[in-house]
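Report on one structure; see the data block that follows.
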Amino acid sequence: MKLNKTLDLMCSEDYKDRFRAEYYQLENRCVGLEQMLIKYQDGTLPFTPNCSYDLLNGQLKAMEVYRSYLDERAVIEGVEL
C-alpha cells in the first residue's frame, strides 16, 4: 500500500486502523530500502549515498525486527493486516 493511501487509517479513532497504517508504512519503507540496497550493491543507484551500505543494511534489519513485533502483536490483538 502506498504511503498516501494510509492517511485515513492514520487519522482513524480506531487503534486497529492506526496499527494497520503503521504496519503498512513500515512495510513500504522496508521494501523501498531493500530495493535501494540491491541497487547499491549492484552499483546502479542514480545517486551516491552518504551512508555506508552496512549502516543502511543495519537499518533495514532493525526495521524487519520491528515489523516482526508488529506481526506478533497483530495476532495477539486480533488486528487483520
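Values in this text are rule-based calculations from the coordinates and carry no lab data. This one's a predicted model, so the numbers in the text were calculated from it and none came from an experiment. Cβ coordinates were reconstructed from backbone atoms using ideal geometry, including for glycine residues, and neighbour counts include every protein chain displayed.
Worth pointing out:
- Order of THR48, THR6 - criterion: other Cβ atoms within 10 Å of each residue's Cβ, fewest first: THR48, THR6
- Note on the range 38-81: with charges restricted to the Cβ of Lys and Arg (+1) and Asp and Glu (-1), its dipole about the Cα centre is near 200 debye.
- The chain: calculated mean residue ellipticity at 222 nm from DSSP helix runs of at least 4, using -39500 (n - 2.57): -24000 deg cm²/dmol
- Max mean-square fluctuation residue, GNM over the chain, Cα-Cα springs under 10 Å, options CYS11, CYS30, CYS51: CYS51
- Normalised by residue number, the volume inside the convex hull of the Cα atoms of the range 14-77 is 81 Å³ per residue.
- Seen against the Cα atoms of the chain and their longest principal axis, helix 15-42 is set at about 10 degrees.
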